[in-house]
1. Tell me the residue from Leu43, Leu60 that is part of a loop (DSSP other than H, G, I, E, B), under 25 Å from Phe199 (Cβ atoms) and not small (Gly, Ala, Ser), please.
2. Which residue out of Ser194, Ser212 is in a loop (DSSP other than H, G, I, E, B) and either touching a Lys or Arg at 6+ places or on another chain (Cβ under 7 Å) or in contact (Cβ under 8 Å) with a residue 12 or more places away in the chain (or both)?
3. Every residue in region 163-191 that is under 12 Å from Gly125 (Cα atoms) and either in a strand (DSSP E or B) or among the aromatic types (Phe, Trp, Tyr) (or both), please.
4. Quickly run through region 221-262 and pick out the residues that are under 30 Å from Ala16 (Cβ atoms), at pLDDT below 70 and aromatic (Phe, Trp, Tyr).
5. Of everything in region 86-104, what is farther than 13 Å from Phe151 by Cα and either buried (at least 19 other Cβ atoms within 10 Å of the Cβ) or in contact (Cβ under 8 Å) with a residue 40 or more places away in the chain (or both)? Give them in sequence order.
6. Would you be able to say whether some residue in region 28-47 is in contact with a Phe, Trp or Tyr (Cβ under 8 Å, 6 or more places away or on another chain) and closer than 23 Å to Arg104 by Cα?
7. Just checking, does region 141-162 include any residue being in contact with a strand residue (DSSP E or B) (Cβ under 7 Å, 6 or more places away or on another chain), modelled with pLDDT under 85 and either in a loop (DSSP other than H, G, I, E, B) or farther than 17 Å from Asp121 by Cα (or both)?
8. Being under 30 Å from Asn175 (Cβ atoms) and either modelled with pLDDT of 70 or more or not in a helix (DSSP H, G or I) (or both) is true for just one of Leu218, Leu275. Which residue is that?
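The values are calculated or read from the model by the stated rules, or taken from the named source; none is laboratory data. Not measured: the values here are computed from a predicted model. Cβ sites come from the backbone with ideal geometry, for glycine too, and all protein chains shown count toward neighbours.
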Amino acid sequence: MGNSVKIRELKQLIGAHNPDIIFLSETKMNGNDFRRLQNKCRLQNGLTVNSEGQSGGVALMWKEGTNVSIQSYSKHHIDSIVNLENNKIMRVTGLYGHANPSLRNNSWDILRRVGDSVREDWVVGRDFNAILNDAKKEGGRTGVRAQMHDFKAVMDDLELVDIKPDSGWFTWVNNRSGGGLVKERIDRFLSSVSLVENFPFIATKVVRQTQSDHDAILLDLWGRRPRDYPNDHRLCFKFDLCWAGDREAKTIIDSAWNRGDIEYGEKIERVRSVLGHWQGRSMEK
């Protein structure tokens, strides 16, 4: 981030989207560099973990008035608790996954350690340096199945949901030409199911960055809120406990949940959809 052009692009991103919290990875900065960046971005609240030479480094910055409490940090993560409006709190963890595949499980160990202490709605974001499946990649060799399985396993263990972006998809490109070009979706937000339930309009998007091989990813807790909120009938669906004893409902849930090898969030959405249709048909009888 010491590059003046990169800093200018970051300032433009902040000006356009006005984020409350910013997590940076692979900053290649020390403490003095970070303080200069804070001054230029006018964000005086933050924490940095210094890079090692010209590699690594993570940082978290937040706006004045945003209540952030740092819980833990390392060369590869910064974990925090954020106080929201109406006395709500959420856990926000920035992760910079190990680029070396042989050390990738260290990243998942960090997530598991943080997850053991999480009692709040939780979001994890930024550069995981890993893909979940080959749909998250274009060009180059196919992903190593064992590594993708490890990533999916930690998501399932921690009950984290992949929030798919409303705009953009691939977040990293190797900037080569022709057949050597590779694009991957290695930057993303994962969230707890409770966060999605409490913020049903949560949205993410990818914002192109011309000065980096990584694009920026943005998360907005209210990004999909419709104009007629809170009178949106799409919010009327809720799981009814009486369905637990309904044999037909159980069959529908089992079928929807176990059909195909898809991600946790997609399973939840599928169950929600089929139960909604089934509920509608039942009411018509």
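1. Leu43
2. Ser212
3. Result: Ile163, Asp187, Arg188, Phe189, Leu190, Ser191.
4. Tyr229
5. Listed by number, the residues that qualify are Lys88, Met90, Arg91, Val92, Thr93, Gly94, Leu95, Tyr96.
6. No, region 28-47 contains no residue that is in contact with a Phe, Trp or Tyr (Cβ under 8 Å, 6 or more places away or on another chain) and closer than 23 Å to Arg104 by Cα.
7. There is at least one residue in region 141-162 that is in contact with a strand residue (DSSP E or B) (Cβ under 7 Å, 6 or more places away or on another chain), modelled with pLDDT under 85 and either in a loop (DSSP other than H, G, I, E, B) or farther than 17 Å from Asp121 by Cα (or both).
8. Unique residue meeting the criteria: Leu218.
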